[in-house]
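The values are calculated or read from the model by the stated rules, or taken from the named source; none is laboratory data. Predicted model, so just to flag it, every value in this text is computed and none were measured. All Cβ positions, glycine included, derive from the backbone under ideal geometry; neighbour counts span all protein chains shown.
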Amino acid sequence: MENVPIKLTSLINDTTGTLIASNYVDPNTKIAVIFGTGCNAAYMETVGNIPKMKHLGLPDDQEMAINCEWGAFDSFDHQHLPRTKYDIIIDEASNKPGEQSFEKMIAGLYLGEVFRLVLTEMIDAGDLFLGQNTYKLEKEYAMDTAFLSLMESDPTDELLTVVGVFTYFFGIETTLEERQFFRSLAKLIGTRAARLSACGIAAIVSKKGYLEKGCSVGADGSLYNKYPGFADRIHQALVDIFGEAGKQVSVEWNITTHHAEDGSGVGSAIIAGALKDFALTSLIS
């Protein structure tokens, strides 16, 4: 663009923005995560641990924000993540098969589709909705992850919210037993996503030695902010992951997550302002 009174000072993504914004509010924030439509993490690393920057001659103890792009973990050889047949179906049918394996098991874009695939398998086996028209449910990504959130948070004995989801959006009548199963399935899928998310956080905590000295994790995204119990399940998973070591230092208190509201936008502003001040300082000196 020409003749626009804007100077580009930095290029960042939402994860590094969340990291900087959260650290600005709480200096103990060492990690930032995004759990929404996609998932990712960022953390601060010393230059001495970044081989590709050795040639720049920067001090080894200088810190730099690292954008992990951890959604791509285990994407090609699939040696580490315990994928189900539903994960494989989602991956192979996606516009990027063989990529973003970790993200496809965690992110909000895919959780509803995992749920839908389980149901369609049961429909094909003759175990659900006999005699009913299920064509709306058979459309890919017809089951939004927000529906799973509604099912989990349904406070009624008859699970009337679940009734509403299936009758209004899919034109399907359900029994109480089916609705109870749907809520349990939604909880299972949401819990798996949260616990896998905790694995990523735990990996960074272990790499940087944060378990004993503690750190705060800034978190943003619709799953973390809106999905019922998601944050609590992450915290419990961290306790489970660190086990005996966690008992010695109380993971519940040493490794905590907190909501980073509009982390990406605020972080961008902080970084742009910091770089502006740095440039002015350099000119003056």
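Would you confirm whether or not the range 51-70 contains a residue that is outside any loop (DSSP other than H, G, I, E, B) and under 29 Å from residue 115 (Cα atoms)?
So far as the range 51-70 goes, yes, one or more of its residues are outside any loop (DSSP other than H, G, I, E, B) and under 29 Å from residue 115 (Cα atoms).
Restricting attention to the range 180-214, and to residues there that are among the basic types (Lys, Arg) and closer than 22 Å to residue 114 by Cβ, which single residue is farthest from the chain's Cα centre (by Cα)?
183
Cβ-Cβ distance below 6 Å, separation of 6 or more or different chains: which pairs start in the range 107-118 with a residue that is closer than 12 Å to residue 93 by Cα and end on one that is at pLDDT 95 or above and in a loop (DSSP other than H, G, I, E, B)?
Cβ pairs passing all conditions: 113/141.
Of the residues that sit in the range 161-175 and are in a helix (DSSP H, G or I) and out of contact with any helix residue (DSSP H, G or I) (no Cβ under 9 Å at 6 or more places or on another chain), which one is farthest from residue 131 (Cα to Cα)?
168
From the list 184, 153, which one is without any contact (Cβ under 8 Å) to a residue 12 or more places away in the chain, hydroxyl-bearing (Ser, Thr, Tyr) and closer than 28 Å to residue 239 by Cβ?
After applying the criteria, what remains is 184.
Suppose we filter 148, 130 for residues that are closer than 21 Å to residue 189 by Cα and among the aliphatic types (A, V, I, L, M); which single one remains?
148
Does at least one position in the range 35-55 carry a residue that is in the same structural domain as residue 146 (by TED's automatic domain parsing), surrounded by 16 or more Cβ atoms within 10 Å (Cβ to Cβ), in contact with a strand residue (DSSP E or B) (Cβ under 6 Å, 6 or more places away or on another chain) and within 16 Å of residue 201 (Cα to Cα)?
No.
Is it fair to say residue 163 is closer than 30 Å to residue 77 by Cα and either surrounded by fewer than 21 Cβ atoms within 10 Å (Cβ to Cβ) or touching a residue at least 24 places away in the same chain (Cβ under 8 Å) (or both)?
Against the criterion (closer than 30 Å to residue 77 by Cα and either surrounded by fewer than 21 Cβ atoms within 10 Å (Cβ to Cβ) or touching a residue at least 24 places away in the same chain (Cβ under 8 Å) (or both)), residue 163 does not qualify.
Inspect all residues belonging to the range 200-219 and state whether any of them is out of contact with any Pro (no Cβ under 7 Å at 6 or more places or on another chain), touching a residue at least 60 places away in the same chain (Cβ under 8 Å), within 19 Å of residue 147 (Cβ to Cβ) and not small (Gly, Ala, Ser).
Scanning the range 200-219 turns up no residue that is out of contact with any Pro (no Cβ under 7 Å at 6 or more places or on another chain), touching a residue at least 60 places away in the same chain (Cβ under 8 Å), within 19 Å of residue 147 (Cβ to Cβ) and not small (Gly, Ala, Ser).
Looking only at the range 249-260, decide whether some residue is buried (at least 17 other Cβ atoms within 10 Å of the Cβ) and either in a helix (DSSP H, G or I) or at pLDDT below 65 (or both).
The answer is yes, given that some residue of the range 249-260 is buried (at least 17 other Cβ atoms within 10 Å of the Cβ) and either in a helix (DSSP H, G or I) or at pLDDT below 65 (or both).
Return a yes/no flag: does the range 14-35 have any residue that is more than 28 Å from residue 211 (Cβ to Cβ) and out of contact with any Pro (no Cβ under 6 Å at 6 or more places or on another chain).
no
Listed here are the residues, each with its yes/no results for (1) touching an Asp or Glu at 6+ places or on another chain (Cβ under 6 Å); (2) surrounded by fewer than 14 Cβ atoms within 10 Å (Cβ to Cβ); (3) closer than 30 Å to residue 31 by Cα.
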residue	(1), (2), (3)
98	no, yes, yes
117	no, no, no
125	no, yes, no
133	no, yes, no
158	no, yes, no
169	no, no, no
181	no, no, no
195	no, no, yes
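Can you name the number of the only condition in (1) free of Cβ contacts under 8 Å to residues at least 60 places away in the same chain; (2) within 24 Å of residue 233 (Cβ to Cβ); (3) among the polar types (S, T, N, Q); (4) outside the structural domain of residue 129 (by TED's automatic domain parsing) that residue 101 fails?
The number of the failed condition is (4).
Of the residues 150, 176, 137, which single one is surrounded by fewer than 20 Cβ atoms within 10 Å (Cβ to Cβ) and within 30 Å of residue 95 (Cα to Cα)?
150
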